Amino acid sequence: MKDDVCIRNLEKDFDGFKAVNNLSLRVKHGEIYGLLGPNGAGKTTAIRILCGLLRPSSGEAYVLGTKVPDPGVVQNIGYMPQELALYRNLTVHENLAFYGEVFGLSKQQIETREQALLKLVDLETSRNLLIDELSGGMQHRISLACTLLHQPQVLFLDEPTVGVDPDLRASFWRYFEELRDAGITMLITTHYMDEARHCDRIGFMRGGRLIAEGSARELLELTHTDSLEDAFLVYSRTEELQ
Amino acid sequence: MKASRAFAVTKRVLRDLKNDRRQLALIFIAPLLVISIFGVAFTGSVKDVRVVVVNGDTAVGNSSLSDKIISNFDTSVLNVAYANSESDAVGQVQNGSASAAIVFPSHFTQSVVARASGQTSVAPANTTITLLADKSNPNVSDPIIAAVNTAVAQTIQGLGRQAPVSVDSSNAVYGANAQFIDFFAPGIICIAVWQLTTLLTLISFVGERTSGTLFRLLASPLKESELVAGYAVAFGIIGIAQSAVLLSAAVILFHVTIVGDVLLAFGVIALLAIVSEGLGIMLSSFARREAQAIQFLPIVVLPAFLLSGVFWPIQAIPEWLRPVSYILPTTYAVEAVRSVILRGWGLDKIYPDVVALLIFASVFLALATLLLRRRE
C-alpha cells in the first residue's frame with residue numbers, strides 16, 4: 001500500500017531549539033496515524049511542516065508523493081489547527097461557504113456538502129447561528145466540518161479533541177473511523193493517551209524525536225503494560241537512560 | 001492571483017463587519033463623534049468677553065471720539081464695563097473678573113483732532129488707547145485686540161477719513177467663504193479613515209493569527225496576495241462608506257463647502273484606506289495579542305494627526321521635522337482631498353499626491369504579502 005505521508009530525517013530548528021529532531025515516519029493510504037506525546041514534543045511543528053506552514057531546517061516531507069511545501073498539494077489536504085480556526089462573527093453557513101469558496105467549490109457544491117457535513121456532525125439546525133452562539137463542543141464540530149468540506153484525501157488534525165467533553169470525543173473518533181473507512185488518510189496529534197487506541201498505528205514523540213512506533217497492541221505487548229500511558233512512560237524512561 | 005478567492009475574502013470581511021455591531025459602531029459612530037466634537041469646538045467664536053473701559057477723555061457730549069469708538073465695539077464679542085481708574089481696571093483683570101482693561105487718555109479727542117490737523121506738538125501718548133489684556137490665553141486676547149482695532153477703523157471711516165493705504169481681500173481665488181472647519185474637515189476625514197482602517201486590519205489580522213484561521217487559510221489554495229487583495233478591496237469599500245458618512249455630517253451639521261468632485265475625493269480616501277490596510281497587516285506581524293496591537297495606535301495616529309497638515313499647513317512645521325510629514329501617507333491624502341473639496345481641483349492637478357499614495361499602497365501591500373509569506 002502506498003504512503004500518503006512520508007517524512008525523512010526531518011528537523012526543525014527555532015533559534016537553536018530543536019522542535020523536531022531527526023523525525024522519520026510514514027502514513028499509509030487510508031490509515032489513522034496517531035502522533036502522541038506531551039506538550040512541546042514537536043507534534044504541531046511536524047504537522048505545520050506537512051501543511052506547508054513551516055519550512056523544515058533539514059530533511060524532507062512528502063504528502064501524496066509531493067515534496068512540501070508545494071501549493072499544488074494543498075487542495076487535497078485538510079488541516080484542522082489546534083485553535084478552532086473559525087470566524088466568530090460569521091454564521092455556521094457563512095464560515096463553511098467562505099472556506100468552500102477559498103477551495104474553489106461552486107455554490108451548489110457548497111450547499112450539498114454543507115448539508116451532508118452538518119448531518120454528520122449533528123448540527124443541521126445550527127446553520128444560521130453565529131459561531132459565538134454555539135457551545136464549545138459545537139464549535140469543534142463545525143471546525144471539523146470546515147476541514148472536511150473540500151473532501152481532502154489527507155487530513156492533518158492537530159489536537160482535535162482538546163477541550164472536548166468525553167461524549168463528543170467519542171463522536172469525533174467515530175467520525176474519524178468513518179472517514180478512514182471511506183479511504184481518507186489521517187495524521188492526528190493528541191496528548192490523550194487513551195484515545196490513541198482508535199488509531200491504526202501510533203508514534204510516540206518526545207523532545208522532537210520519534211521514540212517508538214507501532215499499533216497500540218504492539219506497543220503494549222513490547223512494554224508489558226496495560227495502558228498506552230504506561231507504555232509511553234517506559235519508552236520515555238528508556239530514551240532518558242540512553 | 002485568482003480574483004474569485006480574493007473576492008471571497010472581501011465578502012468574508014464585509015460579512016464579519018455586518019454581523020458585529022460593535023465594530024460597525026466603531027467604524028461609523030466614532031468618527032462622527034470626532035468630527036462633531038472638532039466641528040463644535042473649532043467653529044465657535046469668542047463671545048461676551050468682559051472688558052473694563054477707563055475713559056479719561058475729557059471731550060464733551062457727542063463730539064467725544066472715545067465714546068464713538070466704544071459705541072462701535074462689537075457687543076457680541078465685548079461685554080463692556082467701566083472703571084474710574086486704570087489701577088481699578090487692571091485689578092479686575094488681575095483677579096480674573098475681566099479679560100482686558102481699555103484705557104483712553106485724557107484729552108484723547110482733542111489730541112487726535114489736533115494731530116489730524118497737522119499739529120506735531122501732540123504727544124503720542126495722548127492719542128494712544130492702551131489695551132492691557134490677559135494674554136495668557138491668546139484665543140481670548142486676540143479677538144479683543146481685533147475688536148478694538150476694528151472699532152477704531154470703523155470710527156475713523158465714519159468720520160469720513162480714509163487711511164492712505166488699503167487692502168482689499170474681499171475676493172478669493174479659492175475658498176471665498178471658507179471657515180476653519182472647511183480647512184480641517186477633509187483632514188479629519190482622512191485621519192479617521194487612516195486610524196480606523198489601520199486599527200481594524202491590525203486587530204483583524206492578530207485575530208486571524210490567534211484564532212488559527214490564518215493557519216487554515218495558508219494551508220489552503222488561497223495565496224497570500226489574494227488574502228491581502230481581498231482585505232484591500234473590503235477596506236477600500238469601508239473607507240468610501242466612512243468618508244461618505246463623515247462628509248455628509250460635515251455638510252449637514254457644519255455647512256462645509258464642497259466645490260469639487262466628491263467621487264474623486266472618495267477615490268483618494270479609498271486609496272488611503274488601502275495604504276492603511278497594508279500598514280495594519282504589516283504591524284500585525286509584530287503583535288501576538290490584541291492588547292499588543294493596541295500599543296501601536298499612538299505611533300500610527302499621533303504623527304499623522306499632528307504632522308499631516310490637518311490643522312496647520314506643512315509650512316508651519318519646523319523644517320527639520322518636515323521630512324517626517326513627507327513620509328506620512330496622510331500628508332498626501334489630506335492635501336489631495338482638501339484640494340478637491342475646497343479648491344475644486346481635478347485629477348490633473350492632484351495627480352502627484354495620488355501617485356505618492358499609489359507608491360505607498362504598492363510598497364505596503366507588497367511588504368504585507370511578504371511578511372505573510374514568510375515561512376520560518
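The values are calculated or read from the model by the stated rules, or taken from the named source; none is laboratory data. Just so it is clear, the structure is predicted and the values come from calculations on it, not from any experiment. Neighbour counts run over all protein chains shown; Cβ positions are idealised from the backbone, glycine included. Please note that ligands, DNA and RNA were not included when accessible areas were found on the heavy atoms of the full protein model with its side chains. Shrake-Rupley method; radii C 1.70, N 1.55, O 1.52, S 1.80 Å.
Descriptive notes on the structure:
- The slack in the chain from B:Q157 to B:A125, taken as 0.36 nm per residue of separation less the alpha-carbon distance, amounts to 9.3 nm.
- Alpha-carbon gyration tensor eigenvalues x 5, square-rooted, for segment A:65-158, Å: 23, 15, 11
- For peptide B:203-212, the mean count of partner chain Cβ atoms within 10 Å of a residue's Cβ comes to 3.
- Probe 1.4 Å - accessible area at A:Y192, Å² to nearest ten: 60
- From phi via Karplus (6.51, -1.76, 1.60), per-residue ³J(HN,Hα) for segment B:120-128 in Hz, x at Gly/Pro: 8, 7, 6, 5, x, 4, 6, 10, 9
- Translational D in µm²/s for segment B:22-98 (Stokes-Einstein at 10 °C, 1.306 mPa s, Kirkwood Rh from C-alpha pairs): 99
- Calculated on the alpha-carbon coordinates, the convex hull of segment A:191-242 measures out at 70 cubic angstrom per residue.
- Considering segment B:130-197 at the alpha-carbon level, its Rg and Dmax are found to be 18.8, 60 Å.
- Selection from B:T43, A:N89, A:F14, by position along the positive dipole direction of the protein assembly as shown (Cβ): B:T43
- Take each residue in A:53-60, count the other chain C-beta atoms within 10 Å of its C-beta, and the mean is 2.
- Whole-number Å³ per residue for the convex hull built on Cα positions in segment B:49-158: 101
- Our coupling estimate for segment A:148-165, obtained by passing each phi through the Karplus curve with A = 6.51, B = -1.76, C = 1.60 and θ = phi - 60°, is 8, 3, 8, 6, x, 8, 10, 10, 10, 10, 9, 6, x, 10, 5, x, 9, 5 Hz, Gly and Pro reported as x.
- Between amide H atoms placed 1.01 Å from N, distances below 5 Å from B:V53 occur with B:A81, B:Y82, B:A83, B:I102, all of them 5 or more places distant or on a separate chain.
- Peptides A:152-164, B:18-30, A:227-239 ranked from most to least packed give A:152-164, A:227-239, B:18-30, packing being the mean of other C-beta atoms within 10 angstrom over each peptide's residues.
- Contour minus Cα-Cα distance for B:S117 and B:L263 (0.36 nm per residue): 46.4 nm
- Taking every alpha-carbon pair under 8 Å whose residues sit at least 6 apart, chain B reaches a relative contact order of 20 percent.
- For segment B:49-158: relative contact order, % (alpha-carbon pairs under 8 angstrom, 6 or more apart): 36
- In chain A, Cα pairs under 8 Å separated by at least six residues give a relative contact order of 27 percent.
- In Å², nearest 10: area of B:Y174 left accessible to a 1.4 Å probe: 100
- Peptide A:145-154 has a mean of 1 when you count, residue by residue, the C-beta atoms of other protein chains within 10 Å of its C-beta.
- Pairwise alpha-carbon distances in segment A:99-226 exceed 21 Å for 47% of all pairs.
- Chain A, Cα convex hull volume normalised per residue, Å³: 126
- Antiparallel DSSP beta bridges within chain B, as percent of all bridges there, nearest 5: 30
- Over all projection directions, the Cα-based convex hull of segment A:1-137 averages an area of 10.1 nm².
- Take each peptide in B:149-162, A:130-143, count the other Cβ atoms within 10 Å of every residue, and average; sorted highest first, the result is A:130-143, B:149-162.
- Pairs of C-alpha atoms in chain B farther apart than 32 Å represent 51 percent of all such pairs.
- Cross-link reach is defined here as a Cα-Cα straight distance under 30 Å, omitting same-chain residues fewer than 8 places apart; for B:K68 the lysines meeting it are B:K47, B:K135.
- Gaussian network model of chain A, Cα within-10 Å springs - most flexible of A:T91, A:T45, A:T125: A:T125
- Debye-sum result for the protein assembly as shown in log10 I(q)/I(0), which assumes one identical scatterer on each alpha carbon, at q = 0.07, 0.08 Å⁻¹: -0.62, -0.72
- For the pair segment A:71-146 / segment A:51-67, the C-alpha centres are spaced 26 Å from each other.
- A 1.4 Å probe, protein heavy atoms only, puts the accessible area of A:R55 near 130 Å².
- Antiparallel DSSP beta bridges within the protein assembly as shown, percent to nearest 5: 45
- For segment A:86-103, Karplus couplings with θ = phi - 60° (6.51, -1.76, 1.60), whole Hz, Gly/Pro x: 10, 8, 5, 8, 9, 6, 4, 4, 5, 5, 5, 5, 4, 5, x, 5, 4, 8
- Each residue, A:E60 and A:R127, gets one label point 7 Å from its Cα in the Cβ direction; the gap between the two is 4.7 nm.
- Per-residue ellipticity at 222 nm from helix content only, as computed over the protein assembly as shown with -39500 (n - 2.57) for each DSSP H run of at least four residues, stands at -17000 deg cm²/dmol.
- Distance histogram for segment B:254-376 (every C-alpha pair counted, 5 angstrom bins, percent rounded to whole numbers): 2, 10, 17, 19, 19, 15, 9, 5, 2, 0, 0
- Within segment B:72-86: backbone nitrogen closer than 12 Å to the B:T150 label point (7 Å, Cα to C-beta): B:72-78
- Of A:K67/B:K2; A:K43/B:K2; A:K12/B:K11; A:K43/B:K18; A:K12/A:K107; A:K12/A:K119, those spanning more than 31 Å from alpha-carbon to alpha-carbon: A:K43/B:K2; A:K12/B:K11; A:K43/B:K18; A:K12/A:K107; A:K12/A:K119
- Contour minus Cα-Cα distance for B:R50 and B:Q179 (0.36 nm per residue): 43.9 nm
- Calculated FRET efficiency, A:D181 to A:E239, Cβ-Cβ distance, R0 = 30 Å: about 0.30 to the nearest 0.05.
- Modelled FRET efficiency - R0 60 Å, A:K107 with B:Y351, Cβ distances, 0.05 increments: 0.90
- For the pair segment A:169-242 / segment B:1-38, the C-alpha centres are spaced 46 Å from each other.
- The H on the amide N of B:L78, modeled in the peptide plane, is under 5 Å from the matching H of B:D48, B:V49, each at least 5 residues off or on a different chain.
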